[in-house]
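Colleague: Sharing a structure, written as structure tokens. Questions coming.
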Amino acid sequence: MYDVGLLEQKFAKIGARLRPAEEGGRRPIASDGGIVLDIRNDGDGEFFQVVGRQEGPAEVEVLDVQPKDRHLLLMVRMLRGKQKFLCGHDERHWFVAAIPESAPVGTVRAAKEALKPPEVRAAQARAGLDARRGNRRKNAANRRQGEWFFLPSPRLVVDPKLVLVQEPIRRGGGKAHWCEFLYRTGGRAVHVCRRHPNGVDAATYHRILTKNPEAKNWGWRTMVRDAEVYARGRISHPDHRTITLHGWHRVIMNTETQAAAMRNVAFLD
């Protein structure tokens, strides 16, 4: 159960609007009895949408609000376990990020740290950065664009013949971030289309085509999953400022895909 009016007040403190989903229509539903968070648009701009019965089993609470930072930490307590979400504003748009359940966070600052992979936290420690400086999108340890971190790799030796040009990186079905130059090592090839945004292996791909000949028109693209990825040059995305990487940088995604709560986030940038 949750108080919509109270939640609206909390979101208003960071300059955001929150609305419960209207009854009827097609809406994402949480199979675990919790809520689903989404970001929608209307004539007044973006707003957070919460989908889930107000008198349902889920209890929703705002643990921390940081008005100047325009972020808050939301907790959903269900019959089995808890889920936490960082809601805030990044550059141009509002976002929702699920926090891994293994991270015992209770503040916005702790949630931001929990979203950083171990490699990023280690790089920040080597650079002597405190939490405030480490959260800047450009600092001595890394660059960040959305959910992607870029760590300098000055010693990397790359075969020029293996460098890809204007190559996308993406999280599931989210919008792609485009890298001017990209190099991959390791990983495994998968076939990706809009119906299978996370990719399928070669055997599954051929099985799909055998069962449904029309599937060949689904706009398939061959990509690599779980590879070690490096990028340089311009990195662009429609919702973020373009950044330029001088020299090769290792590309690492934040930890939100490790959260079971990720299935309760409808919004993907």
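Each value in this text was obtained by applying a stated rule to the coordinates, not by laboratory testing. Since this is a predicted model, take the numbers as computed values, not measurements. Note: ideal-geometry Cβ built from the backbone for every residue, glycine included; neighbour counts use all protein chains shown.
Colleague: What is the packing order of peptides 181-192, 254-265, taking the mean over residues of other C-beta atoms within 10 Å and listing the highest first? It would help to have the intermediate numbers written out before the result.
Modeller: Details: 181-192: 16.8, 254-265: 19.0.
The densest-packed peptide leads the list: 254-265, 181-192.
Colleague: When ranked by the protection proxy of mean other Cβ atoms within 10 Å per residue, highest first, what sequence do the peptides 69-82, 215-228 form?
Modeller: Result, highest mean first: 69-82, 215-228.
Colleague: Compute the FRET efficiency between ALA12 and ASP130 as 1/(1 + (r/R0)^6), taking r as their Cβ-Cβ distance and R0 = 25 Å, and round to the nearest 0.05.
Modeller: Step by step, r from the Cβ atoms, then E = 0.25.
Colleague: Assign one of three labels to the stretch 148-255, namely rounded, prolate or oblate, based on the Cα gyration tensor with a ≥ b ≥ c the square roots of its eigenvalues; rounded applies when a/c is under 1.5, prolate when it is not and a/b is larger than b/c, and oblate otherwise.
Modeller: Taking the square roots of the gyration eigenvalues as a ≥ b ≥ c, the stretch 148-255 is prolate.
Colleague: At 0.36 nm per residue, minus the direct Cα-Cα distance, what do LYS82 and VAL4 gain on full extension? Give it in nm, one decimal, please.
Modeller: In short, 26.2 nm is gained.
Colleague: Measure up LYS82/LYS116; LYS116/LYS161; LYS13/LYS138; LYS116/LYS175; LYS138/LYS161; LYS175/LYS216 against 24 Å on the Cα-Cα distance and list the ones that go over.
Modeller: In this structure, LYS116/LYS161; LYS13/LYS138; LYS138/LYS161 lie more than 24 Å apart at Cα.
Colleague: Just from its helices, what would the mean residue ellipticity at 222 nm be for the chain, if runs of 4 or more DSSP H residues each count -39500 (n - 2.57) and the sum is divided by every residue, rounded to the nearest 500 deg cm²/dmol?
Modeller: Mean residue ellipticity, 222 nm, calculated: -4000 deg cm²/dmol.
Colleague: Here's a follow-up. Is the stretch 228-269 best put as rounded, prolate or oblate by its Cα gyration tensor, with a ≥ b ≥ c the root eigenvalues, rounded for a/c under 1.5, and otherwise prolate when a/b is larger than b/c, oblate when not? Numbers along the way, then the final one.
Modeller: Working: a/c = 4.73, a/b = 1.74, b/c = 2.72.
Since a/c reaches 1.5 but b/c is at least a/b, the shape of the stretch 228-269 is classed as oblate.
Colleague: Could the peptides 231-238, 43-50, 154-161, 131-138 be put in order, highest first, of the mean number of other beta-carbon atoms found within 10 Å of their residues? List each step's numbers first, then the result.
Modeller: Values: 231-238: 19.5, 43-50: 15.4, 154-161: 8.5, 131-138: 13.8.
Highest mean packing first, the order is 231-238, 43-50, 131-138, 154-161.
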